[in-house]
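**Student:** Please read through the structure below; I'll follow up with questions.
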Amino acid sequence: MLATAVSCTADHYPDLEENSSPTDQRELKEDSGNNNNYEIPENEQEKHATERETMPEEEKGAALGKPGTILPELMQHKPNELGEVMILMYHEIGYPESAWRRTPENFRLDLENLYEQGYRAISLMDLVRGNIDIPAGTSPVVLTFDDGNKGNFYYLENNGELEPAPDCAVAIMEKFYQEKPDFGLAATFFIYYPSPFRQTQYIEKKLNYLATRGFEIGNHTFGHTNLAQLNASEIQRELAQHVQATQEYLPGYEVNSLALPYGGFPRENQELLLEGSYEGVAYRNEAVLLVGSNPGFPPFHQKFNSSRIPRIRASELETDGVGLYDWLEYFRQNPHKRYISDGDPHYVTAPETLREFLRNEGLKDKEARFYLN
Ligand SMILES: [Zn+2]
């Protein structure tokens, strides 16, 4: 009951600043620089560096090639790891279909379409940390769900056993993953309290399930509050209380991403979206997600901005030309804009023409290589 009282759906729409056609987005994005990024902790960097050093010397050389050299086996895929990445935004899964609700059948269809068009699911953290490990020729896609509605994750009792209802988002993704393991199993659920997924008796069980299966739990504020209307102390309270509540169910769990309710981006105190504390509870977000409406960039690209990551509405209604299927069509027509993996997580490979957009601090232990096209 509490949950429906603060449901956000219609208010999420539209994000006017981001709202235009895929074509218009090209221009908009050109002047949206402003890098404000976190570095990965040093111990993480060291771990990767060690792995890299253990690679045989001749293997490194063979994979790298000389600058400008065209590697035939790579060229076949036209890798572009400075290309754009879709981060999809879902809300409810259920009936009937609406601007903010996808039916189970249509959600399943989205997964099939993504899979057939060469997209592979990776987690939001893997994207923002640059750990994009998918086969050569495929493209990453990130799935996110806002609000922790019932249709995201719902338990049914079946002969005394609890199991996810077959038409909830978690069960649909699990089933698809069974059938197509190479699609991957990854999504972030941006929940708020006190009743994520709307079955109060199963909150702990569900959060444990998600964490165990590699799904991410993200911050959507404690009470689904518009942060644009809060002062510094209130912003920190809303974000820290979410972390505290999540850790009460999942001790030690790191909440490290934030989706802004209503897309509300505060004019002041923006640094508090990334880091802050309230009454002894600290939080730190490596990614802050907006509501609309275009693809984002990988952390290797200069236009990557961890505190303003755009998302695409996974919907077919009232999308104003910038919904999932508009962008799928856009990337079909403009394949050179799309992130295409080289299949080797040690390298960031892109056409020579994009070299000027390389963001060196996003590389960490990886090496960049460019080919003439
Ligand atoms: Zn919301």
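Every read-out reported here was derived from the displayed coordinates using simple, explicitly stated rules and does not represent laboratory data. Predicted model only: the values in this text are computed from it and were never measured. In this analysis, Cβ positions are derived from the backbone assuming ideal geometry, glycine residues included, and neighbour counts consider all displayed protein chains.
**Student:** With the crude spin-label approximation of a point 7 Å out along Cα→Cβ, what separation in nm comes out for Q178 versus T200?
**Tutor:** Label at Q178, label at T200, 3.3 nm between them.
**Student:** When DSSP assigns beta bridges and you keep just the ones with both residues in region 85-336, what percent turn out antiparallel, to the nearest 5? Please report the intermediate quantities before stating the final value.
**Tutor:** Details: 10 of 35 bridges.
Roughly 30 percent of the DSSP beta bridges within region 85-336 come out antiparallel.
**Student:** Once you have the Cα-Cα distance between E318 and R267, take 0.36 nm times their residue separation minus that, and quote the gain in nm to one decimal.
**Tutor:** 15.6 nm
**Student:** Hey, what's the per residue convex hull volume over the C-alpha atoms of region 108-251, in cubic angstrom?
**Tutor:** On the way: hull volume 18.6 nm³, N = 144.
Dividing the Cα hull volume of region 108-251 by its residues yields 129 Å³.
**Student:** Arrange the peptides 95-107, 125-137 so that the one whose residues have, on average, the most other Cβ atoms within 10 Å appears first.
**Tutor:** Details: 95-107: 17.0, 125-137: 19.0.
Highest to lowest by the protection proxy: 125-137, 95-107.
**Student:** Sticking with this structure for a sec: Contour minus end-to-end for L162 and M75, with contour as 0.36 nm per residue of separation and end-to-end as the Cα-Cα distance? Don't skip to the end; give the middle numbers.
**Tutor:** Values: separation 87, 0.36 × 87 = 31.32 nm, distance 4.90 nm.
Length gained, L162 through M75: 26.4 nm.
**Student:** For R338, list long-range residues whose amide hydrogen, built 1.01 Å from N in the peptide plane, is under 5 Å from its own amide hydrogen.
**Tutor:** E84
**Student:** Under a Cβ-Cβ cut-off of 15 Å, what is the net charge of the residues other than A232 that fall near it, where Lys and Arg count +1 and Asp and Glu count -1?
**Tutor:** Details: positive: R237, R267; negative: E234, E238, E268, E271, E275, E279.
For residues surrounding A232, the net value is -4.
**Student:** Under 16 Å from a label point 7 Å along Cα→Cβ of Y209: give me every residue in region 241-259 with its amide N that close.
**Tutor:** Correct set: 250.
**Student:** To continue, here is another question. What distance in nm separates the two pseudo spin-label positions at N231 and S98, each 7 Å out from Cα along the beta-carbon direction?
**Tutor:** Taking the simple label geometry, N231 and S98 are separated by 3.6 nm.
**Student:** Right, another one. Would you please classify the overall shape of region 85-336 from the alpha carbon gyration tensor, given that a ≥ b ≥ c denote the square roots of the eigenvalues, rounded means a/c under 1.5, and beyond that prolate means a/b larger than b/c while oblate covers the rest?
**Tutor:** oblate
**Student:** Given the pairs K78/K180; K175/K337; K78/K337; K303/K366; K180/K206, which span a C-alpha to C-alpha distance of over 20 angstrom in this model?
**Tutor:** As for pairs spanning more than 20 Å Cα to Cα, those are K78/K180; K175/K337; K180/K206.
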